[in-house]
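Inspection log for the structure reproduced underneath, given as structure tokens.
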Amino acid sequence: MRFAERLDRVPPYLFVEISRKIAAKKAEGINVISFGIGDPDIPTPDRVVEELRATALDVPNHRYPETDGLPEFRIAVADWYSERFGVTLDADKEILPLIGAKEGIGHASLCFINPGDIALVPDPGYPVYSVGTWFSGGECHWMPLLEENGWLPDLTTIPQDVAKKAKVIWLNYPNNPTGAVVDSNYLSEVIDFAREYEIAVLHDASYTEVAFDGYRPISFLEVPGAIDVGLEFHSLSKSYNMTGWRVGTAAGNREMIDALMVVKSNLDSGIPNAVQYMGIEALKSSESEIAERNSIYESRRDRVVASLNRIGLKVDPPRASLYVWARIPDGFTSAEFAELILEETDVVVTAGNGYGPSGEGYIRLSLTISEEDLDEGLRRLENLRISSS
Ligand SMILES: Cc1ncc(COP(=O)(O)O)c(C=O)c1O
């Protein structure tokens, strides 16, 4: 069999490695506790699942959905943007439903990247930005996210010749894996940069609804000029505990929405209608429902940060996202430290370098773990004896 070379460009998917290690331990009968994947353990709200039950029985919903989704779903997304961020969007021209944000993020590169083009990609970052670029024949220019810059790419370090060849800049705030957030001043600078070099800004806003201490993250589209240069991806996965249902959205510049629609309508047939009705119901969630859910993650965040501090790891408590990003002690690589934790405590954490070279020196812990496992996992972690060889 001769496969296409593009497959060789993809490093093994991060969680495949983790899953394999967990499986080996489990096969030995060991109770492994995982802080690995960001997949909410809290169930989808009952009333959202009820909507699936009701709409699944309607025969028209058994047929192909439209790629551009139900008009009612697009209107619900527009209403949500208006209420949540004060952003006015045209539901027909500026919103496109996605089969989860991942699908849209992966397909977006096909809209912009010709072979040899450059994508500006955050490092560390969600791997789909780079993989989508490679599948389209492009190259990634890594933008290091460093603690001293508040985990924001320093645009002044991007060489001019790279900026000139770049077609897109990927951003993601609240950020996976660092948990960092962004303000409108920085996003304004990005918009100026994008205008200067004719670059599309692709902002992944999958975590705006998971935030702590009363903080409410902003949307890229709130910033003046954003809609002229970019798209924002949203996900109902983390916002409403809906990872299993696969529903997300792209919103913003209408030409970019049209381009994504060309790609998608030729490759997929949209989100099942009944799942879109679930999405409509989910988007009606009240501020207090979101706050109640976030208070669960906030308490977990505090406990994880306290335990990591107790074993001497330096951690800035994140204001948003589902992740705690912790600097590891000197004398270890990220992979070695994650391995040490797994071997000594049967606890899984993710090695930071799996998100890009600048993730070296960090580990990531996800807060999407049951209370019982969290307590047990932290108890084990606090017993970790750290001594580098
Ligand atoms: C930054 C980021 N974007 C997108 C996604 C995928 O979201 P969805 O479930 O909507 O495909 C994830 C999932 O972990 C993520 O971390």
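The values are calculated or read from the model by the stated rules, or taken from the named source; none is laboratory data. Not measured: the values here are computed from a predicted model. Here Cβ is always computed from backbone atoms with ideal geometry, including for glycine, and neighbour counts include all displayed protein chains.
Summary of computed values
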{"quantity": "Which numbered condition Glu198 misses (of (1) closer than 30 Å to Asp161 by Cβ; (2) within 16 Å of the ligand (Cβ to nearest atom))", "calculated": "(2)"}
{"quantity": "Filter result (free of Cβ contacts under 8 Å to residues at least 40 places away in the same chain and either assigned by TED's automatic domain parsing to the domain that holds Asn294 or away from the ligand (no atom under 16 Å from the Cβ) (or both)) within the stretch 215-238", "calculated": "Arg216, Val223, Pro224, Gly225, Ala226, Asp228, Val229"}
{"quantity": "Subset tally (residues that are more than 13 Å from Pro122 (Cβ to Cβ) and either aromatic (Phe, Trp, Tyr) or not in a strand (DSSP E or B) (or both)) for the stretch 158-168", "calculated": "7"}
{"quantity": "Pairs with Cβ under 6 Å, 6+ apart, first in the stretch 192-210 and on the phi < 0 side of the Ramachandran plot, second within 11 Å of the ligand (Cβ to nearest atom) and part of a strand (DSSP E or B)", "calculated": "Leu202/Trp170; His203/Leu171; Asp204/Asn172; Asp204/Phe233; Ala205/His234; Ser206/Ser235"}
{"quantity": "Number of the condition not met by Pro174 [criteria: (1) buried (at least 21 other Cβ atoms within 10 Å of the Cβ); (2) within 13 Å of the chain's Cα centre (by Cα); (3) closer than 20 Å to Gly279 by Cβ]", "calculated": "(3)"}
{"quantity": "Top-ranked residue in the stretch 248-281 [being touching a Pro at 6+ places or on another chain (Cβ under 7 Å) and crowded, with 18+ Cβ neighbours inside 10 Å; ranked as nearest to Pro60 (Cα to Cα)]", "calculated": "Asn273"}
{"quantity": "Top-ranked residue in the stretch 160-170 [being of a type outside the set (Lys, Arg) and out of contact with any helix residue (DSSP H, G or I) (no Cβ under 7 Å at 6 or more places or on another chain); ranked as nearest to the ligand (Cβ to nearest atom)]", "calculated": "Val162"}
{"quantity": "Filtered residue count, the stretch 106-141, keeping only those that are of a type in the set (A, V, I, L, M), part of a loop (DSSP other than H, G, I, E, B) and within 16 Å of Asp204 (Cα to Cα)", "calculated": "0"}
{"quantity": "Residues of the stretch 26-53 that turn out to be modelled with pLDDT of 95 or more and touching a Phe, Trp or Tyr at 6+ places or on another chain (Cβ under 8 Å), as a count", "calculated": "5"}
{"quantity": "Members of the stretch 362-377 found to be crowded, with 23+ Cβ neighbours inside 10 Å and part of a helix (DSSP H, G or I), listed by number", "calculated": "Gly377"}
{"quantity": "Number of the condition not met by Gly138 [criteria: (1) more than 15 Å from the ligand (Cβ to nearest atom); (2) touching a residue at least 12 places away in the same chain (Cβ under 8 Å); (3) surrounded by fewer than 21 Cβ atoms within 10 Å (Cβ to Cβ)]", "calculated": "(3)"}
{"quantity": "In the stretch 66-83, the residues that are crowded, with 19+ Cβ neighbours inside 10 Å, in a helix (DSSP H, G or I) and of a type outside the set (Gly, Ala, Ser)", "calculated": "Phe73, Arg74, Val77, Trp80, Tyr81"}
{"quantity": "Residue within the stretch 22-32 that is within 29 Å of Leu202 (Cα to Cα), part of a helix (DSSP H, G or I) and in contact with a strand residue (DSSP E or B) (Cβ under 8 Å, 6 or more places away or on another chain) present", "calculated": "no"}
{"quantity": "Tally of residues being crowded, with 21+ Cβ neighbours inside 10 Å and over 18 Å from the mean Cα position of the chain (by Cα) across the stretch 211-226", "calculated": "2"}
{"quantity": "Neighbours by Cβ (under 6 Å, 6+ apart or cross-chain): first from the stretch 326-342, free of Cβ contacts under 8 Å to residues at least 24 places away in the same chain; second among the hydrophobic types (A, V, I, L, M, F, W, C)", "calculated": "Ala335/Ala351"}
{"quantity": "Count - residues of the stretch 77-119 that are away from the ligand (no atom under 16 Å from the Cβ), among the aliphatic types (A, V, I, L, M) and more than 25 Å from Ser269 (Cβ to Cβ)", "calculated": "2"}
